[in-house]
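Okay, structure first, notes after.
Nothing in this text is a laboratory measurement; each read-out follows from the coordinates by a stated rule. These numbers were taken from a predicted model, which means no experiment stands behind them.
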Amino acid sequence: MKEESTKTTEDARRIYEELEALVRGKVQGFIQNLLEEEVTEFLGWFSRGLSSLGVGEGLAA
């Protein structure tokens, strides 16, 4: 009886670990995409702000 209980516990632990890894990967990907969008938006905003001030004009090669 104890062997069956131990096997069930090991199976449950393995399933939990696989599920945790899957969820961590999905959350990490979601956060990465969100950060990339935010940085891209910020850099666009920053660039437009500098352009409106005339900063960097004539510096392009």
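Values computed for the structure shown
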{"read-out": "Inverse mean reciprocal Cα-Cα distance (Kirkwood Rh) of the chain, Å", "value": "16.0"}
{"read-out": "Nearest 10 degrees, 0 to 90: helix 2-52 Cα axis against the chain principal axis", "value": "0"}
